[in-house]
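Working notes, structure below.
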Amino acid sequence: MRKTVLILGNSDSGLYDFRKEVLTALMEEGYEVHVSVPDTGHAKKIDALGCVRHGTDLDRRGMNPLRDAKLFFFYLRLIRRVRPGAVLTYTIKPNIYGGMACRLLRAPYLVNITGLGTTLEHEGLLQKMIVLLYRESLRAAACIFFQNRRNLDFMREKGCLKKGAKTRVISGSGVNLQEHPFRPWPRGEEVKFLSVMRIMEDKGIGELLEAAEAVHALHPETVFQILGAYEEESRGRYEPIIEGLQSRGIVRYYGYRDDIADFYEGCQAVIHPSYHEGMSNVLQEAAAAGRPVLASDISGCREIFEDGISGIAFLPRDAASLKDAILTFLTLSGGQRQKMGENARAYVERHFDRKEVVRAYLEEIRSVDGR
């Protein structure tokens, strides 16, 4: 009987962009790979890999109990039908409701904490509720992957991990160094900074816009490019500011784009002012392209660069600190900036090769099914 693996996730684009190598490696090992994700326009790419896909109604950010209960029962039915030898879950709702379904059906499962998310990062009733759900869903997990040590410590402190629970800290999703090659240094007098983010408070968009305006007043040759979609609850707050700065030539907003690599090639540095991360894919890809990174001094960012060597750290939630980091970068000569980018590439080659992340998953899945 052919072995099967079931992958539960909340994003077809995220699964394909950052984890297709995991799916491919499992199929090369002889597994039949089933995937449960919502179809937001990228699912056909997963189909093309040869996976068996199950369309899933999942509200990533909502807290509707009825919809969440429906998701839980969907997972129960799916696991009964597929009868996987192992289930691998990513992100909060698949981790929680998929984990509970696996525990109830005694299906072996492995969980990936890709980041705590906004809800867990803020004290309050919602945080307490999610912690309680995580305690139940992680109880029988064969292995729990974390993308940084802080997230592991948080879950341990909150009592989400039972004594003796098997955990592994991996380098996020890693970066495919072949798909993200070193890019030639850009030419021209404009100094382009790039930010790739969802437009929402916790990604640091407010601080970025404030710092961009201040820096541009001192250095008119700078331009700040922003890629990413608005979170609907944030659109009313930030869209007028972005449009205003764009009309003055300070910001160029491009919305969601699939051709991010071209923007990495055209910029001199990537700015990432996030408040919290699992392990930033943006910074890994930027560094792979040979671009210095200016990033919040937080877990999930600071591991990806060496301050002053391949990037510059600044305080999170602090527009003045971000402004100072940008100004420091602008004092560097062209050669110094380029050398910083070369250092960034060398660092991710040593520490964030996606092949190592794939190897970790395969080891644990083999352990679960006895291979």
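Some values worked out for this structure:
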{"item": "Per-residue [θ]222 nm for the chain (sum of -39500 (n - 2.57) over DSSP H runs n ≥ 4, rounded to 500)", "result": "-14000 deg cm²/dmol"}
{"item": "Karplus (6.51, -1.76, 1.60) ³J(HN,Hα), θ = phi - 60°, over the range 230-240, in Hz, Gly and Pro reported as x", "result": "6, 6, 4, 6, 9, 4, x, 7, 9, 4, x"}
{"item": "The range 241-317, accessible surface, carbon-and-sulfur percent (1.4 angstrom probe)", "result": "48"}
{"item": "Cα→Cβ-extended label distance, 7 Å offset, between Thr331 and Arg103, nm", "result": "5.3"}
{"item": "Accessible-area value, Ile199, 1.4 Å probe, nucleic acids and ligands omitted, Å²", "result": "0"}
{"item": "In Hz, Karplus ³J(HN,Hα) per residue of the range 325-340 (6.51, -1.76, 1.60; θ = phi - 60°; x = Gly, Pro)", "result": "5, 5, 5, 4, 4, 5, 6, 6, 6, x, x, 5, 5, 5, 5, 4"}
{"item": "Whole-number percent relative contact order across the range 88-215, with pairs defined as alpha carbons under 8 Å at least 6 apart", "result": "20"}
{"item": "Of [x] 64, 41, 39; [y] 118, 93, 26; [z] 60, 47, 39, the label for Cα extents along the principal axes in Å derived from the coordinates", "result": "[x]"}
{"item": "Only Lys, Arg (+1) and Asp, Glu (-1) charged, at Cβ; the chain dipole about Cα centre in debye", "result": "1880"}
{"item": "Relative contact order [Cα under 8 Å, 6+ residues apart], the range 133-176, whole percent", "result": "50"}
{"item": "Sum of side-chain charges, Leu322 neighbourhood, beta-carbon under 12 Å (Lys, Arg +1; Asp, Glu -1)", "result": "-4"}
{"item": "Trypsin sites (Lys or Arg not before Pro) restricted to DSSP loop in the range 180-231 with at most 10 other C-beta within 10 Å", "result": "Arg187"}
{"item": "Largest-first ordering by accessible area, 1.4 Å probe, given options Lys355, Lys163", "result": "Lys163, Lys355"}
{"item": "Phi to ³J(HN,Hα) by Karplus 6.51 cos²θ - 1.76 cosθ + 1.60 over the range 270-281, Hz, x for Gly, Pro", "result": "10, 10, 9, x, 4, 7, 7, 8, x, 8, 4, 5"}
{"item": "Surface accessible to a 1.4 Å probe, Arg81 within the full protein complex, Å²", "result": "150"}
{"item": "Whole-percent carbon and sulfur share, accessible surface of the range 58-164, 1.4 Å", "result": "55"}
{"item": "Modelled FRET efficiency - R0 45 Å, Lys70 with Arg350, Cβ distances, 0.05 increments", "result": "0.50"}
{"item": "Spherically averaged projected area in nm², based on the convex hull that wraps the Cα atoms of the range 125-229", "result": "10.6"}
{"item": "Normalised contact order of the chain, rounded percent, pairs of Cα under 8 Å and 6 or more residues apart", "result": "15"}
{"item": "Alpha-carbon centroids, the range 284-349 and the range 191-213: separation in whole Å", "result": "15"}
{"item": "Cα centroid of the range 106-139 to Cα centroid of the range 1-70, whole Å", "result": "20"}
{"item": "Taking all pairs of distinct alpha-carbon atoms in the range 5-73, Kirkwood radius in angstrom", "result": "12.5"}
{"item": "Accessible area (Å², per residue) of the range 98-243, counting only protein heavy atoms and a probe of 1.4 Å", "result": "46"}
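The values are calculated or read from the model by the stated rules, or taken from the named source; none is laboratory data. Source: prediction; values computed, not measured. Virtual Cβ from ideal backbone geometry, glycine too; neighbours counted across all protein chains shown. Each accessible area value is taken on the protein alone, full model and side chains, heavy atoms only, with ligands, DNA and RNA left out. Shrake-Rupley method; radii C 1.70, N 1.55, O 1.52, S 1.80 Å.
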